[in-house]
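The values are calculated or read from the model by the stated rules, or taken from the named source; none is laboratory data. Since this is a predicted model, take the numbers as computed values, not measurements. No Cβ is skipped: glycine too gets one built from the backbone with ideal geometry, and neighbour counts run over all protein chains shown.
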Amino acid sequence: MSSFVIKMIAVICMLCDHASDALIGHFTFLNVIGRIAFPLFCFQLVNGYRHTKNVKKYIIRLLIFAFISQIPFSIFTYIYAGIYDNLNVFFTLAFGLIAMYALDKVPNKWLSLLINLICIAVAELVHVDYGGLGVCIILCIFIFYKDRSINLDKKDFLYPFKNNIVFALVFLFLCIARYFNSFKTNGLLINTSLILATYFPIIFMLLYNGKKGPSMKYFFYIFYPVHLVILCVLHFII
């Protein structure tokens, strides 16, 4: 499974999620499908970091589109949740990218850990999409995920799964933690569905073959704010 296919799956799932919020209502089946999107965007961010030639430009690009997307995102979240001061997912990805860079490049491990904790704490405090846990999911993939494409010569089909046992367990813990506090309000069935849907993308990650596929570098950057604007307009028309 190429990076392009994974990205398209994430975009379609995100669209299902946001279309439900804007046009139907929250906590529908489409919202459950939407939980698939964020972990896949985190996965793409990790791959992007590992292949980028300029991390600073990558961070700046994320922040530029974060600010471009913020107004439509604020209107969108106010429509379905009455909230207008949360920050969009580009900010989450930017914090995750900074945390990865610190973990990877800062020689002093204690300083690196401190920067990571600050990124997680600030992401939580300023209410980015998925909060500090979103940054933790990015770091989980960066630290524990083992790319099966490196070992494609191995005949054992289950090798990538065996090689990612720790990643699977840590990722499952984060998926449960994401919805742990809402069991009392949302109920067992809804929360279990959301946890399983958030965990489901691990299948696509483990099937990733290391290939890029068709290049659509700026597609998601542009699609994100544009689809929010369109959904907001449709909400007011309908």
First in segment 207-228 and farther than 28 Å from P72 by Cβ and of a type in the set (D, E, K, R), second anywhere and modelled with pLDDT under 90 and exposed (fewer than 13 other Cβ atoms within 10 Å of the Cβ), Cβ under 8 Å, 6 or more apart: K211/S149
Across segment 100-132, what is the total count of residues that are free of Cβ contacts under 8 Å to residues at least 12 places away in the same chain, assigned to a loop (DSSP other than H, G, I, E, B) and hydrophobic (A, V, I, L, M, F, W, C)? 1
Flagged in segment 199-228 as assigned to a loop (DSSP other than H, G, I, E, B) and either among the acidic types (D, E) or modelled with pLDDT under 95 (or both), in numbering order, are L207, Y208, N209, G210, K211, K212, G213, P214, S215, M216, K217, Y218
So which residues in segment 1-22 are touching a His at 6+ places or on another chain (Cβ under 6 Å) and among the basic types (K, R)? none
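Given the condition farther than 25 Å from S2 by Cα and crowded, with 16+ Cβ neighbours inside 10 Å, answer yes or no: does some residue in segment 44-59 qualify? Step through it out loud before you land on a result.
The first filter runs over segment 44-59 and keeps only residues farther than 25 Å from S2 by Cα, leaving 56.
After this cut, where a residue has to be crowded, with 16+ Cβ neighbours inside 10 Å as well, the list is none.
No.
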Which helices (runs of 4 or more DSSP H) does segment 17-94 wholly contain that include 2 or more residues that are of a type in the set (S, T, Y)? 55-81
